[in-house]
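Novice: Sharing a structure with you now.
Values quoted throughout were computed directly from the atomic coordinates according to the rules given, and no laboratory measurement underlies them. Being a predicted model, the structure only gives us computed values, none of them experimental. Backbone-built Cβ (ideal geometry, glycine too); neighbour counts: all protein chains shown.
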Amino acid sequence: MLTKGLFRGYVSSWSKIRCSVQQKNIFERTPASEPSQTLNAAFYLTAVAQQAPSRLAVAFPQGQGPNGEVAYGHRSFQDLDQESDRYAHGLTRLGIRRGCRVLLMVPPGIEFIAVAFALFKMGAILTLIDPGMGKKNLLNCIAQVKPEAVVAVPLLHALRVLYRGCFKSVRWNVTLGRRWFWTGATLAQVREEPWRPFATAPVSADDPAAIFFTTGTTGAPKGVLYLHGMLDAQIRIIRDHFEIGDGDVGLPAFAPFVLFCVAMGTPSVLPHMDPTKPAFVDPRRIIGAIERYGVTYSFGSPTFWSRVSQYCVEKKISLPSLKKIMMAGAPVPPEVLERLQKVLAEDGEGHTPYGATEALPVTCVTGSEILKETDARVRAGAGICVGWPLSGVALRIIEITDDAIPQWDDGRVLPPRRIGEIVVKGAIVTNEYYNRPEQTALAKIKDGDTIWHRMGDVGYLDDEGRLWFCGRKGQRVVTEKGTLFTIPCEAIFNQHEAVSRTALVGVGPRPRQRPVVIVEPREGKMPANRQAEIKFTEELLDLGRQNELTRDIKDILFHPSFPVDFRHNAKIIREQLAAWAKGKIG
């Protein structure tokens, strides 16, 4: 069962909606004509349940103990496998079949994990949408994906009643908790007793497995179609590259990552936090979970680990069991990597994998390598080193264009040290957006029987073959004198001791944009008057004049708190800041 606190945390991301109502190497893919049982992620769960039935699968928050500490419930791999069987039988009894798109919108917990694996077992298509994206985007995504079944919290079902047009494709409704003024079953009614094994559907590499939505930070959220072969490749590459084995214990600070933890056969501890607000996590609860269960690896956003590591350093807390931290969702500040070196096990390491919902992971680099070899170049405006392409991933840099590229052409490929558009190909790369042919055409390039994905990012390869990230393609600033890229330019101004972070934006149309640097000062450093603002501005402009990348930037604005993405609380939404800057300077 979910704690009331966790349930409220999940529901908090629906606040605006509530007002209107009162988310080793790659193996070769098995050809589509040769189904392989190993491709269905559910087989990983069942295999561990058979080999180590009593092994802890999930520890999940379940209220508080008498001293205020977090109390946890526990499920073994056998328990979890059988629970998913119960839901698979029950959902099948309702009429849901292989290939049905099932929208799952419940808080992270046992129900979320068990139903997700039940859908994999059935061969249904798991569909996840973040409620934090807001009512308008949420409804647009639902209308786009046309789910045939909904398993969700009551608020989503209330939306379904009020906005019937977006849900007209839905045939089966299941409510987690109490059902109010709508039809359908509750999840408790669906759960079948007594337990009996469910025959997991064998699937091919090209069978659809899931639809995961992008955040929509730089545009409308899009549903990314995952095939079973791609999902299987992701599980394997994460497990093998990060050397995750039976002795590891995971802490998924990004809720859907718990599915990978389970598939890799490792125990996982669900953190007591609001999954939509990782930047505001209570570090004491995270530290308590790590120490109690001997957590060895974790996946989370840079803002999550920034908050936890800062608390640990201030309180002189070390976490000797923790050996691997993977941070993604936005560039990782060097100071976070420095703090983690003081907190982790002696042989522990921070990792910064690069990728996107459409292709993950693509590259990776360790924190120690960044601090030893690349940090000085980062501060000088070289971009951010995100490492070498992982095994099985092909990566190229091509000329920047906003137009579609129907066919691959080697002539577009740029040499090392030239900034261009990042494109990737491999088993972990998705082929299309669901029901979005125009967006698919803009993001995919056909190359014979394979597909290159355009990451929507810009960067370059250095002479050693490492990828350097320079920002989002759509956020580049094109002036009459040339093109400015966000990450390199912002690094110059970020060196000021009173600066928390900066954002380069362009005001006006390309190619005559006016570059503006917006500054979010550190706490207590916002200019209090016009004289202080002038002094702060001149100090920043002086920094800019010392680097050829930024010497032509003349406009500085101050902003109290940057808008960020709802999923990781880390990506700066520069489009909103650009509109704000336009209102300030005309």
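Novice: Hey, can you grab everything whose amide H is under 5 Å from the amide H of GLY216? Only 5+ residues off in sequence or another chain; H modelled, so Pro and N-termini drop out.
Specialist: Counting only residues 5 or more places away or on other chains, the set is LYS222.
Novice: Counting other beta carbons within 10 Å of each Cβ, put GLU464, GLU349 in order, fewest first.
Specialist: GLU464, GLU349
Novice: Could you derive backbone 3J(HN,Hα) for the stretch 388-403 from the dihedral phi with the Karplus parameters 6.51, -1.76 and 1.60 (θ = phi - 60°), listing whole Hz in sequence and x where the residue is Gly or Pro?
Specialist: 8, x, 6, 4, x, 10, 9, 9, 9, 10, 10, 4, 6, 8, 9, 8
Novice: Once the Cα gyration tensor of the stretch 237-394 is found, what semi-axes does its equivalent ellipsoid get, as square roots of 5 times the eigenvalues, in whole Å, sorted largest first?
Specialist: 22, 20, 14
Novice: Please compute the volume of the convex hull spanned by the alpha-carbon atoms of the stretch 505-559 and report it per residue in Å³. Numbers along the way, then the final one.
Specialist: Details: hull volume 4.7 nm³, N = 55.
Convex hull volume per residue, Cα atoms: 85 Å³.
Novice: Over the stretch 250-338, consider all pairs of different Cα atoms and compute the Kirkwood hydrodynamic radius from their mean reciprocal separation; express it in Å, one decimal.
Specialist: Numbers: mean 1/r = 0.0765 Å⁻¹.
One decimal place: 13.1 Å for the Kirkwood radius.
Novice: Over the C-alpha atoms of the stretch 476-585, what are the Rg and the largest Cα-to-Cα span, Dmax, in Å?
Specialist: 13.3, 38
Novice: Let me ask you something else. When the chain is fully extended, how far beyond the present Cα-Cα distance does ALA380 get from GLU291, taking 0.36 nm per residue of separation?
Specialist: This chain segment gains 28.2 nm when fully extended.
Novice: Say the cut-off is 25 Å between C-alpha atoms; which of LYS121/LYS425; LYS535/LYS582; LYS481/LYS535; LYS222/LYS444; LYS222/LYS584 go over it?
Specialist: In this structure, LYS121/LYS425; LYS481/LYS535; LYS222/LYS584 lie more than 25 Å apart at Cα.
Novice: Next question, about the same structure. Report Rg(Cα)/(2.2 N^0.38 Å) for the stretch 314-406, keeping two decimals.
Specialist: 1.28
Novice: Any chance you could tell me what percent of the C-alpha pair distances in the chain go past 33 Å?
Specialist: 44
Novice: Just to check I understand the Karplus step: with θ = phi - 60° and J = 6.51 cos²θ - 1.76 cosθ + 1.60, what whole-Hz values come out for the stretch 248-254, glycine and proline as x?
Specialist: 8, 10, x, 10, x, 7, 10
Novice: Search the structure for amide H atoms under 5 Å from the amide H of SER500, placed 1.01 Å from N in the peptide plane, and list their residues when 5 or more places away or on another chain.
Specialist: GLU520, ARG522
Novice: Two decimals, Cα atoms only, Kirkwood Rh: what is Rg/Rh over the stretch 128-168? Walk me through the numbers on the way to the answer.
Specialist: Details: Rg = 9.2 Å, Rh = 10.3 Å.
Across the stretch 128-168, the Cα-based Rg/Rh ratio is 0.89.
Novice: Moving on to the next point. Check GLY63: other-chain or 5+ apart residues with amide H under 5 Å from its amide H, H built from backbone geometry?
Specialist: THR3, ALA71
Novice: What trypsin sites (Lys or Arg not before Pro) does the stretch 315-423 have in DSSP loop regions with at most 15 other beta carbons within 10 Å? Spell out each step's value before the answer.
Specialist: Numbers: sites: LYS315, LYS316, LYS323, LYS324, ARG339, LYS342, LYS372, ARG377, ARG379, ARG396, ARG412, ARG417, ARG418; in loops: LYS316, LYS323, ARG417, ARG418.
Taking the stretch 315-423 and a limit of 15 other Cβ atoms within 10 Å, the loop trypsin sites (Lys or Arg not before Pro) found are LYS316, ARG417, ARG418.
Novice: Which whole-Hz couplings ³J(HN,Hα) result when phi for each residue of the stretch 302-313 is put into the Karplus expression 6.51 cos²θ - 1.76 cosθ + 1.60, θ = phi - 60°, listed in order with x for Gly and Pro?
Specialist: Karplus-based 3J(HN,Hα) across the stretch 302-313 equals x, 5, 4, 6, 5, 5, 5, 5, 5, 4, 4, 5 Hz.
Novice: Assuming R0 = 56 Å, can you tell me the calculated FRET efficiency for the pair SER321 and LYS446, based on Cβ-Cβ distance, to the nearest 0.05?
Specialist: Calculated transfer efficiency: 0.75.
Novice: Right, here's the next one. Give or take rounding to whole Å, what are the principal axis extents of the alpha carbon atoms in the stretch 319-467, in descending order?
Specialist: On the principal axes, the stretch 319-467 reaches 49, 32, 22 Å in Cα extent.
Novice: Sticking with this one: Would you mind ranking VAL262, VAL170 by Cβ crowding within 10 Å, fewest neighbours first?
Specialist: Final ranking by Cβ density, sparse to dense: VAL170, VAL262.
Novice: Can you tell me the convex hull volume per residue for the stretch 122-201, based on C-alpha atoms, in Å³ to the nearest whole number?
Specialist: Expressed per residue, the convex hull around the Cα atoms of the stretch 122-201 is 106 Å³.
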